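Please treat every number below as a calculation from the coordinates, not as lab data. These numbers were taken from a predicted model, which means no experiment stands behind them. Note: ideal-geometry Cβ built from the backbone for every residue, glycine included; neighbour counts use all protein chains shown.
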Amino acid sequence: MVYKGIIPVEPCSHLNTSSPTPATRARQNRARLAAVALVTAVLLAGHNLAAAQDADETMPDGAWGGFAAAQVYAQRTLYGAMQSAAAWLKDYCQQHGRCPESSDDIASIESDLQQLMPVNPYFPSSGAKTPIRVQFDETLSDLSLSHYRQRPPDSWSAPAGTITVVVSNTHDLFVIWGAGMDKRPVRHELSHKVLLVVRHCGKPS
């Protein structure tokens, strides 16, 4: 028999063409999620954030393999948002010749910073952005920060994913920290130091 351009195909009786059951679909979805989590963990573990701009800054580099992929992602996303806030505030300092002061329109500053924030990485399903706030501390100094990296003040507590900017009352220094799931400042996995972004501002003329 001659077939012009068509090759007959016998039906494959051994193939199951029926739709998968709900239980099968659930197992397949769990397998896909596990594969995505594994790939994400590997990629994030090998990816370093941009180099610190200040020598006294604590960077979250190193091996993150002991963390769950979601925890790694949340912590790195939060730290990236802290860096973005620091860059904006550094520009503010250069324009004004000083750090923000309590007499400034703090609500406006917080609103501008909020526009830079990603979705809160600890509660991504909510769709809400990472909260950010500005506070002032008359005791903040380079010396106190060296202690805060080990033992932050008890007052440094906030809902998970919140970023806090703490400005020195001398108006020449600010530090940014982010709250983890325990509502306390997030720490480096290996050194256990608090992850801080520190910037110095020009003093008022």
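Given q = 0.13, 0.17, 0.27 Å⁻¹, what are the Debye log10 I(q)/I(0) values for the stretch 79-131, with equal point scatterers placed on the Cα positions and solvent ignored?
One equal scatterer on each Cα of the stretch 79-131 leads to -0.36, -0.58, -1.07.
Average projected area of the Cα convex hull of the stretch 101-196, in nm²? Don't skip to the answer; put the middle values down first.
Numbers: hull surface 26.4 nm².
One quarter of the hull surface, i.e. the mean projection, equals 6.6 nm².
Spin-label point model (7 Å from Cα, Cβ direction): what's the Met181 to His96 distance in nm?
Output for this residue pair reads 3.7 nm.
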